[in-house]
């Protein structure tokens with residue numbers, strides 16, 4: 001596992017560049033997911049615009065004005081935050097910034113760096129506006145196509161996606177949240193995908209209505225991008241070992257040097273008893289530890305064992321027990337029993353589903369139907385992966401599903417109903 005890019009470059013390229021330790025592997029892939037999703041979305045919106053399916057809107061813009069006080073203050077604030085936190089990572093003592101994640105979510109930072117960078121940002125804004133200043137400001141009409149707004153849509157998705165992901169994670173782990181609310185809120189860990197998807201979708205729909213962007217065409221354009229982004233984001237989960245893994249696969253075991261082999265009869269039970277302190281931290285008894293005994297089929301014997309059972313060595317959460325002969329003090333743990341690497345499975349499956357949606361995007365002519373198919377595929381994929389994932393279970397009318405199982409079922413049903421309604425509506429209109 002590579003908690004941050006420093007470890008990745010050191011292991012893969014034998015390059016030790018200290019600043020890379022500030023770039024979390026999971027965050028890097030999340031950022032990459034947003035960028036690739038934005039490119040995919042822009043490509044589809046541009047295609048729809050050329051085909052006449054989407055139309056531009058015109059807005060009145062005043063040009064030639066000097067920078068306002070509010071613009072200068074906002075730019076100063078942005079520069080201050082980046083200087084106080086990000087620039088501080090590179091200039092403050094390493095004893096303070098040794099754990100970048102904890103530092104970012106703490107109250108610590110560099111006031112001088114924040115003030116200086118804030119003044120630089122404000123100064124640049126003043127210079128840009130002053131360069132374009134006219135003797136008399138003019139009112140001009142500017143035409144915006146939907147694909148011109150992808151940058152704004154991406155920022156909205158990022159803000160409301162992260163907010164929703166954190167809120168849904170709090171709801172899913174309500175008892176843990178009540179024990180220590182502040183640390184739970186400001187922790188970089190704990191993000192629920194469906195929470196981010198729902199909140200970001202609502203915010204983008206409001207934005208689309210305000211800017212007169214065809215909602216169903218926007219949804220269809222976003223469907224492949226959403227599936228692609230999810231697949232890339234799951235790479236970050238796998239590479240960093242952020243805890244988003246499956247239940248234990250008792251068919252395999254791992255030694256203290258992180259070597260995975262097929263288990264001998266009764267070996268899983270011995271591991272539970274030997275490491276009872278670790279397992280009882282999250283389970284009432286050793287009998288409650290979720291596991292399945294699944295070995296790789298003969299036709300897949302060429303695959304390495306970690307595809308079916310992985311111990312996530314050097315994971316970013318320092319979860320598990322210490323690896324023998326580990327040379328560092330941090331990121332030296334691995335799971336005492338291997339689990340199903342569900343994030344790896346989801347990456348592979350969702351990349352295939354992205355290709356399916358990409359192939360269907362020109363064939364499904366009824367606006368909204370591609371998005372309906374996306375909801376159904378997303379729901380099916382997540383529902384079945386939940387069968388081997390670690391998640392808290394709800395008590396719902398005597399049933400005990402996970403939050404993700406409930407939402408994925410609702411997504412599938414919603415997609416199915418939407419598909420039927422859109423096709424029926426189109427049939428009626430043709431008659």
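Considering only residues that are without any contact (Cβ under 8 Å) to a residue 60 or more places away in the chain and surrounded by fewer than 20 Cβ atoms within 10 Å (Cβ to Cβ), look in the range 323-344 and name the one that is nearest to residue 385 (Cα to Cα).
Looking only at the range 323-344, we keep the residues that are without any contact (Cβ under 8 Å) to a residue 60 or more places away in the chain, and these are 326-329, 332-333.
Filter once more, so that each one left must be surrounded by fewer than 20 Cβ atoms within 10 Å (Cβ to Cβ): 326-329, 332.
Details: 326: 33, 327: 35, 328: 34, 329: 34, 332: 28 Å.
Filtering first and then ranking leaves 332.
Listed by first and then second residue, the pairs with beta-carbon distance under 6 Å, at least 6 apart or on different chains, first residue in the range 403-431 and assigned by TED's automatic domain parsing to the domain that holds residue 385, second not in a helix (DSSP H, G or I), are 422/366; 422/368; 426/366. Going through (1) farther than 25 Å from residue 226 by Cα; (2) in contact with a strand residue (DSSP E or B) (Cβ under 9 Å, 6 or more places away or on another chain); (3) in a helix (DSSP H, G or I) one by one, residue 76 falls short only on (2). Filtering the range 5-51 to residues that are out of contact with any helix residue (DSSP H, G or I) (no Cβ under 7 Å at 6 or more places or on another chain) and buried (at least 17 other Cβ atoms within 10 Å of the Cβ) leaves 7, 27. Quick check: anything in the range 25-32 in contact with a strand residue (DSSP E or B) (Cβ under 6 Å, 6 or more places away or on another chain), modelled with pLDDT of 85 or more and closer than 18 Å to residue 239 by Cβ? Yes, the conditions are met somewhere in the range 25-32. For the range 135-150, the tally of residues that are out of contact with any strand residue (DSSP E or B) (no Cβ under 7 Å at 6 or more places or on another chain) and loosely packed, with under 11 Cβ neighbours inside 10 Å stands at 2. Would you say residue 363 is in a loop (DSSP other than H, G, I, E, B) and over 30 Å from residue 279 (Cα atoms)? Yes; evaluated as a whole, the condition is true for this residue.
The values are calculated or read from the model by the stated rules, or taken from the named source; none is laboratory data. The structure displayed is predicted, hence computed values, not measured ones. Every residue, glycine among them, receives a Cβ derived from its backbone with ideal geometry; neighbour counts consider all protein chains shown.
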